[in-house]
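**Student:** Before I ask anything, here is the structure I am working with.
The values are calculated or read from the model by the stated rules, or taken from the named source; none is laboratory data. All figures in this text were calculated on a predicted structure; none of them were measured in a lab. Counting neighbours? That spans all protein chains shown, and the Cβs are built from the backbone with ideal geometry, glycine included. Just the protein is used for accessible areas: all its heavy atoms, side chains included, with ligands, DNA and RNA removed. Shrake-Rupley method; radii C 1.70, N 1.55, O 1.52, S 1.80 Å.
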Amino acid sequence: MTRTAEDKLKQYSYQDYLSLPADIRYEIIEGTLAMSPSPSTQHQRVSRKLLVRIANYLEGKHCEVFGSPYDVLLPERNEEAKDIKTVVQPDILVVCDQSKLTDKYCIGSPDWIIEIVSPSSPSMDYVKKLHLYEKHQVKEYWIANYLRKEIMVYKLQSNNEYGMPETYAGNEITPAIFEDLIIRLRDIFD
């Protein structure tokens, strides 16, 4: 799909998103359309390992884990779903508030999001999505970098901003929302 100058100025919504070609991955960040390249083999491996580990842990608990592609609509106010201007597909997300889940998407902030860095566009995860997830008060945001074999963790503080990130490499990591879930990084990255 070639974008015209008019397309670049357009403010996209979820309604527009639904009419886009299904064979290409798109996200809308605050009204701006962004294409997402297909993930690499290593990206998929890391995603699968994390997803399986989290899914096994959540078995029988009230929270659910989802893997991409799964739409997350992040409203600014109380607009109808069709008018929402931010639609993302995090690599992995955990939702504990079941009222946010519909048959087609999650509406509102997940409790935990993990993005796996794409070497072709690292600023999307380290800058744009970091700002976006903080703004929408995602409790915990992990950025997994399989090239560096590390995970950077941002946690929402009492002032509704992310504190300084903690970086984990070559050891174990535990999400703040599930203090008894231990993830060994060597199992994820090797």
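**Student:** Running a GNM on the chain with Cα contacts under 10 Å, which residue among D83, D103, D125 ends up with the highest mean-square fluctuation?
**Tutor:** Of D83, D103, D125, the Gaussian network model singles out D103 as fluctuating most.
**Student:** Could I ask something else about it? How large is ³J(HN,Hα) for each residue in region 10-18, as worked out from phi by the Karplus curve 6.51 cos²θ - 1.76 cosθ + 1.60 (θ = phi - 60°), to whole Hz, x for Gly and Pro?
**Tutor:** The phi angles translate into 5, 9, 7, 10, 4, 4, 5, 4, 5 Hz.
**Student:** So between N159 and A55, what do we pick up on full extension, going 0.36 nm a residue minus the alpha carbon distance?
**Tutor:** Extending this stretch completely gives an extra 34.4 nm.
**Student:** A follow-up question, please. How far apart, in nanometres, would the label points at Q42 and D180 be if each is projected 7 angstrom from Cα along the Cα-to-Cβ direction?
**Tutor:** 3.5 nm
**Student:** What is the angle, in °, between the Cα long axis of helix 41-58 and the longest principal axis of the Cα atoms in the chain? Nearest 10 is fine, range 0 to 90.
**Tutor:** The helix 41-58 is inclined about 70 degrees to the chain.
**Student:** How large is ³J(HN,Hα), in whole Hz, for each residue of region 90-100 in order, when computed from phi with the Karplus curve 6.51 cos²θ - 1.76 cosθ + 1.60 and θ = phi - 60°, using x for Gly and Pro?
**Tutor:** For region 90-100, the Karplus-derived couplings read x, 4, 9, 9, 10, 10, 9, 8, 4, 5, 7 Hz, x marking Gly and Pro.
**Student:** Continuing with the same structure: What is the chain's relative contact order, in percent, from Cα pairs under 8 angstrom and six or more apart in sequence?
**Tutor:** Dividing the mean separation by the residue count of the chain yields 15 percent.
**Student:** Once every DSSP H run of n ≥ 4 in the chain is given -39500 (n - 2.57) and the sum is divided by its residues, what mean residue ellipticity at 222 nm do you get, rounded to the nearest 500 deg cm²/dmol?
**Tutor:** So the helix-based figure for the chain works out to -5500 deg cm²/dmol.
**Student:** Now, a different point. Magnitude of the Cβ-charge dipole of region 62-184, K/R +1 and D/E -1, about the Cα centre, nearest 20 debye?
**Tutor:** The calculated dipole for region 62-184 is roughly 320 debye.
**Student:** Between beta-carbons, use under 15 Å as the cut-off and find the net charge around F189, counting Lys and Arg +1, Asp and Glu -1.
**Tutor:** Net of charged neighbours comes to +3.
**Student:** Return the long-range amide H neighbours of Y146 (sequence gap of 5 or more, or a different chain), with a cut-off of under 5 Å between placed amide H atoms.
**Tutor:** Sorted by chain and number, the residues that satisfy this are V117.
**Student:** Projected area of region 1-152, taken from the Cα convex hull and averaged over every viewing direction, in nm²?
**Tutor:** Result: a mean projected hull area of 9.4 nm².
**Student:** Show me, for region 119-129, the HN-Hα J-couplings you get by feeding each phi into the Karplus relation (A = 6.51, B = -1.76, C = 1.60, θ = phi - 60°), rounded to Hz, glycine and proline as x.
**Tutor:** For region 119-129, the Karplus curve yields x, 7, 8, x, 5, 4, 7, 7, 10, 4, 6 Hz.
**Student:** What number comes out for accessible area per residue over region 64-190 if the probe is 1.4 Å? Units Å², please.
**Tutor:** Normalised by residue count, the accessible surface of region 64-190 is 48 Å².
**Student:** Right, here's the next one. I'd like the projected area of region 34-84, averaged over all directions, using the convex hull of its alpha carbons. Report it in nm² with one decimal.
**Tutor:** Averaging across all directions leaves 5.4 nm² for the Cα convex hull.
**Student:** Now for a different question. Separation of region 89-103 and region 16-31 by C-alpha centroid, Å?
**Tutor:** Going from one Cα centre to the other spans 19 Å.
**Student:** Return, ordered by residue number, the residues of region 123-159 whose backbone nitrogen is under 16 Å from a label point located 7 Å along Cα→Cβ of N78.
**Tutor:** Those under the cut-off are none; the list is empty.
**Student:** What length, rounded to one decimal in nm, is gained on full extension from E30 through to S99, with 0.36 nm per residue of separation minus their alpha-carbon distance?
**Tutor:** Working it through step by step, the gained length comes to 22.5 nm.
**Student:** Sticking with this one: Measuring from centroid to centroid over Cα atoms, what is the spacing of region 113-164 and region 40-84 in Å?
**Tutor:** With region 113-164 and region 40-84 each reduced to a Cα centre, they are spaced 14 Å.
**Student:** Mind checking which lysines have their Cα closer than 22 Å to the Cα of K82? Skip sequence neighbours fewer than 8 apart in that chain.
**Tutor:** Result set, ordered by chain and number: K8, K10, K100, K104, K129, K135.
**Student:** Under a Cβ-Cβ limit of 4.7 Å, which cysteines in the chain have nobody to pair with?
**Tutor:** C106, each lacking another Cys Cβ under 4.7 Å.
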